[in-house]
Amino acid sequence: MKIYNVQSALLLLSFALDGFGYHLMGFELPFEYSTILIFLLLIIQLVSCTYKNTSFLLFLYAYIIVQTFILNTSNLADLKVWRYFIILVIYSFTLFSFVYYYRLSLDDFVKKYFKLIFYIALFSIMQIAVFILFRVSIIPQNYLTGVATISGGGTSFNPNIFGIFPRNIGLTTEPANFAYILIPGVYLSLAKFVKKEKAFEIPKHYAIVILAAMILTFSLVAYFGIILSVLMLLKENLSKNIRRFTLSLFVVSGLVIGIYKSGVGDKFIDLVQQSNAVSQGDYKANNMTTFAVISNFLIAVDSQSQNHFIGSGLNTHRSNYDKFIFQIFSVDNVLGELNRDGGSSLFIRTLSEFGIPGLLGLIFFFLHFRLTKENGSSKYRLLNEMSLVTIVLFCTRSEHYVSVTFLVFAAIYYFSYRVGLNTGYVNKLSSGKV
């Protein structure tokens, strides 16, 4: 139990420091803070023999090696690809090992995570209040990196709502990144209110604070996550709740877009308009977010024929970007080289680097390991659904395979299915339903 407490503390700390970068008081570290903590966690696992390499990961590693280094031999001499592959193996092996060894205590870890993000959410709301009242940005990253003033660089608030109100970034660098950290807590909070879920004893004020912090990000990704969570929670009784859901969705959507029409609403409208324009051969770009998504998607699609529809290999989207960006857009229309390394979305990056088989494999993972009411116990089904919403939201607008959030909740999704399936079967046996 003592080893578990140490390991879970390291992992939770890596979540909290995930947006703090490489710098410490003016010095550049060899790795990010979260990566150093994952290395420490791995060392403890090796010493305490609490590690496990699953058949799922072995298959994944084998596929990456064959697809990246054998079918795409040009990557063999690329040290950046090898370095990225090694870090991906370390991250996935360490985090899957943690979840595997404590798979029967997942509810305890999730409760600790929920408490952590409650305090982070509370701090983020305090950040906004202090900024509005005193025009002072309380951003720990800036002080830890030796950048204490906004004018000197570092992360800062942008008072872009009514000219005074900043978007909530918490301990990260931008609102969407904060939304990824909050979404597991948002799902459990909504489960308390929407589904009256009692599998986790969540204090009501914790849930309200986390939901408030999510709304204050004013992020399209965050609102998509809220809608996806509500749909997931209401899916079993949607016909009974359709009126309440429709009314709630209409009121909330209208309020959000009305208040922040210059940002969230405009981004969504611009994405639709530009997607339509692109389909007609007009590649003019106006909005940076829209351009990042559309340009990288077109690059991923156009690179398929050259890469024989199997992708160019791990960590090679940048090469595809450089080859195709000016074949698709004129120089005047390129709004910077946005998301050049990762493609702006893990769905897009997977298509670019692993082709159609890789994208289908990712979708298969989402669909195959989902617990349902018929095949899983209540507690593990809630964990499974929470994790699914988290990783789907992450893949929508984040581009990193090597991420604590993505890999931990992918592991929870996988092992909650395994454990929940067995638990559900045992419960049916004991009740005489099998």
- Item | Unique residue being under 23 Å from the mean Cα position of the chain (by Cα), in the same structural domain as ALA410 (by TED's automatic domain parsing) and surrounded by 14 or more Cβ atoms within 10 Å (Cβ to Cβ) when the list is PHE131, PHE96, PHE69 | PHE96
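To keep it simple, each residue is scored yes or no on (1) at pLDDT 85 or above; (2) surrounded by 14 or more Cβ atoms within 10 Å (Cβ to Cβ); (3) touching a strand residue (DSSP E or B) at 6+ places or on another chain (Cβ under 9 Å).
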| site | (1), (2), (3) |
| --- | --- |
| TYR101 | yes, yes, no |
| PHE118 | yes, yes, no |
| ASN158 | no, no, no |
| THR173 | no, yes, no |
| ALA176 | yes, yes, no |
| ILE181 | yes, yes, no |
- Out of the stretch 33-72, which residues are out of contact with any helix residue (DSSP H, G or I) (no Cβ under 9 Å at 6 or more places or on another chain) and among the hydroxyl-bearing types (Ser, Thr, Tyr)? SER55
- Item | Residue match in the stretch 377-388 (condition: at pLDDT 90 or above, in the same structural domain as THR173 (by TED's automatic domain parsing) and either touching a strand residue (DSSP E or B) at 6+ places or on another chain (Cβ under 6 Å) or closer than 27 Å to TYR84 by Cα (or both)) | yes
- Note on the structure: Taking the stretch 11-50 and keeping only residues that are within 18 Å of VAL89 (Cβ to Cβ) and surrounded by 18 or more Cβ atoms within 10 Å (Cβ to Cβ), one is left with LEU11, SER14, GLU32, SER34, THR35, LEU37, ILE38, LEU41, LEU42, GLN45
- Message: I need the full set of residues from the stretch 412-424 which are buried (at least 24 other Cβ atoms within 10 Å of the Cβ) and aliphatic (A, V, I, L, M), in order please.
- Response: ILE412
- Message: Residues that are at pLDDT 80 or above, assigned by TED's automatic domain parsing to the domain that holds MET126, basic (Lys, Arg) and in a helix (DSSP H, G or I): does the stretch 193-204 have at least one?
- Response: yes
- Query: Residue check: is TYR51 assigned to a loop (DSSP other than H, G, I, E, B) and aromatic (Phe, Trp, Tyr)?
  - Reply: yes
- Message: Of everything in the stretch 309-328, what is in a loop (DSSP other than H, G, I, E, B), farther than 14 Å from LEU359 by Cβ and either in contact with a Leu (Cβ under 7 Å, 6 or more places away or on another chain) or of a type in the set (Gly, Ala, Ser) (or both)? Give them in sequence order.
- Response: GLY313
- Query: What about ILE65, is it free of Cβ contacts under 8 Å to residues at least 40 places away in the same chain and β-branched (Val, Ile, Thr)?
  - Reply: yes
- Query: Is one or more of the residues making up the stretch 81-96 farther than 25 Å from ASN320 by Cα, without any contact (Cβ under 8 Å) to a residue 40 or more places away in the chain and not small (Gly, Ala, Ser)?
  - Reply: no
- Could you figure out which of (1) at pLDDT 85 or above; (2) outside any helix (DSSP H, G or I); (3) surrounded by fewer than 18 Cβ atoms within 10 Å (Cβ to Cβ) isn't true of THR217? (3)
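The values are calculated or read from the model by the stated rules, or taken from the named source; none is laboratory data. Since the structure is predicted, the reported quantities are computational estimates derived from the model, not experimental observations. For neighbour counting, all protein chains shown are included, and Cβ atoms are generated from backbone atoms with ideal geometry for every residue, glycine included.
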